[in-house]
Amino acid sequence: MSGVPQSLYRDEGVVLRVQKLGEADRIITVLTRRTGKVRAVAKGVRRTKSKFGARLEPFSHVDLQLYTGRNLDIVNQAESIRSYGPAVVGDYRAYTAGTAVLETADRLAGEEKEPQLRLFLLVIGALRSLAEQTHPPGLVLDAFLLRAMSVAGWEPALTDCARCAEPGPHRHFSVPGGGIVCPSCRPTGSAMPSPVTVGLLEALLTGDWALAEASQGTNRREASGLVAALLQWHLERSLRSLALVDRSEPGAPAPVALPDVHRLVGAAQLAGEPS
Amino acid sequence: MYEGAVQDLIDELGRLPGVGPKSAQRIAFHLLAADAADVGRLTAALQRVQAEVRFCVTCYNVAEGEQCRICRDPRRSLDVLCVVEEPKDVVAIERTREFKGRYHVLGGAISPIEGIGPDDLRVKELMTRLMDGTVTELIIATDPNLEGEATAAYLARLIAPMGVAVSRLASGLPVGGDLEYADEVTLGRAFEGRRRITA
């Protein structure tokens, strides 16, 4: 062990994911304000007597002291700045949207220890909004994904043609093309989203929440489909949590197991309930 | 690299959780040097587990035969159901000797980042068990971490319209610990779940 300089450093960050390691340890992936993405070992946090196990759960904004290890850094101390977890898990839609935010941030942050301040601020903003329920969770997720792509240099063109910059508006939308395309640049297989949906994407990207919240379910679904397709095209792989995001309307029953309930009880008994 | 059979044994042992290449080698050589009777018992135990142990058809706990020991026990109450993530959790709760009802093992917790959604757990089977109205109280005993809490919130929302009382295990301070060392999340929960002392 000698000869390896152990340097301590301190940073604040959001815990993106945790993985079990050995008997009682965890590897935590943190997106920090100054250092970028860091993977670090948190020793003994799965024991019930751990002093900082509860602080190092996903969705936690923490102040960390770490020391540089040989492969992974090691968490030395952790203090909560704000824990978004308890507020987010209470609402299943916010939880699934929040998990997709964290997974996207993990993928977009790329290499470890490359500072990603703008992405960090976007993650904090999205989690705060989900925890405080300021906007519908599905819209918060799509706004985050669009802005995170924009920070990564993949901002979709929403008015002028993505290829020749011919001033818009145009009707066609191409995921490989990078957004809205003009009739002459249009590759085969381009989508034709409704102009209202494109307006919603623009509102989400620029933060026009009044316009975004006034949108209808069909446009929201179309918009989130386009955002997911763009993101997964750029990442060159699919995001596991994106498929599990619950985009049902508030107050509606949970989306699973209900067909069976209908079959077992008979539709008549459930007729009085919202479906 | 060793020859044929020895290397195969080391490779197989090395696939077990927590067993690295060095430990696999050590166990393999221990088995080579051990009595034939000892090795025979180990082989028989492995084969028996493979042949006889399966999941209980009612609660999905590990069982020998159709139903597990708890589901077969007529003294266990039918109206209280405790939902846990893994069969290991059943054993942990059984050790308390506090719970006299029956169990339902989900087989994990909702974790979108691992690609595990409600459809991958035994949620439908739980709903089917609740259908006939025998169960009046459901205790959700998923792990007190993020995935466990999200699973509990999800189940509570799903079950609320069915008229079954749903409760969640309390979280708070560990017995024998010091208050000053408790983290703020746990201490906050302990405050939230405080109870009146009846004199």
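The values are calculated or read from the model by the stated rules, or taken from the named source; none is laboratory data. Source: prediction; values computed, not measured. Please note: Cβ atoms are built from the backbone with ideal geometry, for glycine as well, and neighbour counts cover all protein chains shown. Quick note on the areas: whole protein, heavy atoms, side chains included, nothing else; ligands and nucleic acids left out. Shrake-Rupley method; radii C 1.70, N 1.55, O 1.52, S 1.80 Å.
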Next on the checklist: Here is a check on your reading of the model: is A:V101 open to solvent by less than 50 Å² (accessible area, probe 1.4 Å), under 29 Å from A:D208 (Cα atoms), out of contact with any strand residue (DSSP E or B) (no Cβ under 7 Å at 6 or more places or on another chain) and of a type in the set (A, V, I, L, M, F, W, C)?
Outcome noted: yes
Item to check | Pairs, first at pLDDT below 95 in segment B:31-52, second open to solvent by 80 Å² or more (accessible area, probe 1.4 Å) and among the acidic types (D, E), C-beta under 8 Å, six or more apart | outcome: B:E52/B:E64
Checklist entry - Across segment A:223-254, which residue is modelled with the highest pLDDT among those that are closer than 23 Å to B:L155 by Cβ, open to solvent by 80 Å² or more (accessible area, probe 1.4 Å) and more than 8 Å from chain B (Cβ to nearest Cβ)? => result A:R247
Checklist outcome for this item: Of the residues in segment B:125-157, those that are under 15 Å from A:Y92 (Cβ atoms), aliphatic (A, V, I, L, M) and either more than 10 Å from every other protein chain (Cβ to nearest Cβ) or touching a residue at least 40 places away in the same chain (Cβ under 8 Å) (or both) come to B:I140, B:A150, B:L155
Checklist entry - Quick one: in segment A:8-23, which of the residues that are within 14 Å of another protein chain (Cβ to nearest Cβ) and surrounded by 15 or more Cβ atoms within 10 Å (Cβ to Cβ) is farthest from A:L117 (Cα to Cα)? => result A:L21
Checklist entry - Taking B:P74, is it over 24 Å from B:L106 (Cβ atoms), in contact with a helix residue (DSSP H, G or I) (Cβ under 7 Å, 6 or more places away or on another chain) and open to solvent by 80 Å² or more (accessible area, probe 1.4 Å)? => result no
Next on the checklist: Show the residue pairs meeting these rules: Cβ distance below 6 Å; 6+ apart or different chains; first residue within segment B:183-195 and more than 10 Å from chain A (Cβ to nearest Cβ); second residue among the acidic types (D, E) and open to solvent by 40 Å² or more (accessible area, probe 1.4 Å).
Outcome noted: none
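Only one residue in A:A157, A:A203, A:A162, A:A152 is in the same structural domain as A:A105 (by TED's automatic domain parsing) and in contact (Cβ under 8 Å) with a residue 40 or more places away in the chain. Which one?
From the options A:A157, A:A203, A:A162, A:A152, the qualifying one is A:A152.
Given the criterion surrounded by 14 or more Cβ atoms within 10 Å (Cβ to Cβ), within 26 Å of A:G22 (Cβ to Cβ) and not basic (K, R), identify the matching residue among B:Q25, B:Q67.
When all the criteria are applied, what remains is B:Q25.
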Item to check | Near pairs, Cβ below 8 angstrom, 6+ apart or cross-chain, from segment A:124-143 (outside the structural domain of A:L204 (by TED's automatic domain parsing)) to any residue that is in a helix (DSSP H, G or I) and surrounded by 17 or more Cβ atoms within 10 Å (Cβ to Cβ) | outcome: none
Next on the checklist: Every residue in segment B:98-124 that is within 12 Å of another protein chain (Cβ to nearest Cβ) and either crowded, with 19+ Cβ neighbours inside 10 Å or basic (K, R) (or both), please.
Outcome noted: B:A109, B:I110, B:S111, B:P112, B:I113, B:I116, B:G117, B:P118, B:L121, B:R122, B:V123, B:K124
Next on the checklist: Which of the helices (runs of 4 or more DSSP H) found entirely inside segment A:80-133 contain at least 3 residues meeting this: within 13 Å of chain B (Cβ to nearest Cβ) and small (G, A, S)?
Outcome noted: A:92-108
